[in-house]
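The structure appears below as structure tokens.
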Amino acid sequence: MDFKPLDIQKDSENKQIEKTENVKCLIIGSGPAGYTAAIYASRANLKPVLYTGLQMGGQLTTTTEVDNFPGYPDGITGPEMMEDLKKQAERFGAEIRFGIATAADFSGKIHKITIDDDKVIIADAVIIATGATAKYLGLEAETKYAGQGVSACATCDGFFYRGKDVAVVGGGDTAAEEATYLAGLCNKVYLIVRRNVLRASKAMQDKVLKTSNIEVLWEHQTLDLFGDNGVEGAILVKKKGTPESEIIKIEIDGFFLAIGHTPNSDIFKKYLETDEVGYIKTIPGTSKTSIPGVFAAGDVQDPHYRQAVTAAGSGCMAAIDAERYLSELN
Ligand code: NDP
């Protein structure tokens, strides 16, 4: 590819290092949104450069089977699917680089993104596809049983718990939605709620409370998980810190976290409009952010659907929006 360093400087050890580089289309993030944007952008001759971030392949690399992405009739593992998407982007000339966007400057007409605190990319168009990170409780057991009963995505993994007993942690719309979804697949769903109210919308609350195989465990918190062969149960504390406090055990095969996601938008928040949680706002029906030439795709701008296929679709939109922006710019 013909990217020319604008400025070759010397660092303190007098080594020559590239400090800035001009790129037509920069894509940040290597989940389904980023790679799909790269496929479309490279086919449109935008010569995209994609920085993968720390977790190459994104959230899907932490899941096992993916059975709901169209085009894989026999399913596929998350890591394999992401490798396929990467290869497909490379086939059309996208340049995939390992590196983390550590700072952004959208204050002027040009868009500057710092990579690894070391090098500045000056991009005509930027597609932000940095995803979101599911929140965990912080228990050691969550790491121990990752992929063996612990999941942060009921839509992705619920299928593996058909006919079994599971628990969902959280009291917001996601927890309510995931509990309802799992109730349609599983024998029983415990909804572990730390307060005596749900934060979820009234309509979602009604749905949860009317579903006969969901049992809400009000004012419960999770202390630990146990099991010799994956998750077999959870130890909970009821009314923690009060005289009525009580430890209980539930037997479950799946433990689903639904206590919120953190969109990976910190470095952009100073310049782009976000909602109160940090999701980047886009103009409805487009991937356009509040800054011309900066587009957002995937979970970093989507608190609602958060699916691989919706992320991929929005990555496609971002590349098309970027292409139109660049052609108008020229
Ligand atoms: P929220 O932040 O709304 O809710 C998080 C829930 O997790 C809260 O009930 C919170 O408890 C609980 N929680 C947080 N930390 C812990 C912890 N350490 N231990 C136990 N419980 C914990 O996140 P959601 O993902 O549910 O929703 C995010 C946004 O997306 C919201 O605006 C929501 O309305 C929206 N959304 C909309 C949907 C729709 O319209 N269909 C579907 C899904 C999400 P507490 O209440 O005590 O703080």
In contact with an Asp or Glu (Cβ under 9 Å, 6 or more places away or on another chain), within 11 Å of the ligand (Cβ to nearest atom) and closer than 30 Å to residue 274 by Cβ - does that describe any residue in segment 139-147?
-> yes
Scanning segment 300-325 for residues that are open to solvent by 20 Å² or more (accessible area, probe 1.4 Å), within 16 Å of the ligand (Cβ to nearest atom) and modelled with pLDDT of 95 or more, the one farthest from residue 286 (Cα to Cα) turns out to be 310
Counting only residues in segment 224-238 that are part of a strand (DSSP E or B) and under 15 Å from residue 161 (Cβ atoms), the one farthest from the ligand (Cβ to nearest atom) is identified as 233
Restricting attention to segment 123-133, the residues that are open to solvent by 20 Å² or more (accessible area, probe 1.4 Å) and within 15 Å of the ligand (Cβ to nearest atom) number exactly 1
Selection from segment 262-302 of residues among the hydroxyl-bearing types (Ser, Thr, Tyr) and not in a loop (DSSP other than H, G, I, E, B) yields 262, 274
Restricted to segment 239-261 and to residues being under 24 Å from residue 178 (Cβ atoms) and assigned to a loop (DSSP other than H, G, I, E, B), the residue farthest from the chain's Cα centre (by Cα) is 240
Looking across segment 212-223 at residues that are open to solvent by 60 Å² or more (accessible area, probe 1.4 Å) and more than 14 Å from the ligand (Cβ to nearest atom), the single one that is nearest to residue 140 (Cα to Cα) is 215
Across (1) open to solvent by less than 40 Å² (accessible area, probe 1.4 Å); (2) free of Cβ contacts under 8 Å to residues at least 40 places away in the same chain; (3) of a type in the set (A, V, I, L, M), residue 291 clears everything bar (2)
Matching residues in segment 138-182 (free of Cβ contacts under 8 Å to residues at least 12 places away in the same chain and within 11 Å of residue 253 (Cβ to Cβ)) number 0
Within segment 182-205, residues being within 11 Å of the ligand (Cβ to nearest atom) and either within 21 Å of the chain's Cα centre (by Cα) or part of a loop (DSSP other than H, G, I, E, B) (or both) number 9
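Okay, residues lined up against (1) modelled with pLDDT of 95 or more; (2) open to solvent by 70 Å² or more (accessible area, probe 1.4 Å):
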{"site": "161", "(1), (2)": "yes, no"}
{"site": "171", "(1), (2)": "yes, no"}
{"site": "179", "(1), (2)": "yes, no"}
{"site": "186", "(1), (2)": "yes, no"}
{"site": "189", "(1), (2)": "yes, no"}
{"site": "194", "(1), (2)": "yes, yes"}
{"site": "201", "(1), (2)": "no, no"}
{"site": "204", "(1), (2)": "no, no"}
Reported set for segment 95-120 where residues are touching an Asp or Glu at 6+ places or on another chain (Cβ under 7 Å), assigned to a strand (DSSP E or B) and open to solvent by 40 Å² or more (accessible area, probe 1.4 Å) is 102, 112
- request: Look at residue 35 and say whether it is hydroxyl-bearing (Ser, Thr, Tyr), open to solvent by 40 Å² or more (accessible area, probe 1.4 Å), assigned by TED's automatic domain parsing to the domain that holds residue 88 and at pLDDT 95 or above.
  value: no
Among (1) over 22 Å from residue 232 (Cβ atoms); (2) within 11 Å of the ligand (Cβ to nearest atom); (3) in a helix (DSSP H, G or I), residue 208 falls short only on (2)
Is it true that some residue in segment 214-222 is touching a residue at least 60 places away in the same chain (Cβ under 8 Å) and out of contact with any Gly (no Cβ under 7 Å at 6 or more places or on another chain)? yes
Within segment 279-330, residues being basic (Lys, Arg) and on the phi > 0 side of the Ramachandran plot number 1
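The values are calculated or read from the model by the stated rules, or taken from the named source; none is laboratory data. Remember, predicted model here, so these are calculated numbers, not experimental data. In this analysis, Cβ positions are derived from the backbone assuming ideal geometry, glycine residues included, and neighbour counts consider all displayed protein chains. For accessibility, only protein heavy atoms count, side chains too; no ligands or nucleic acids. Shrake-Rupley method; radii C 1.70, N 1.55, O 1.52, S 1.80 Å.
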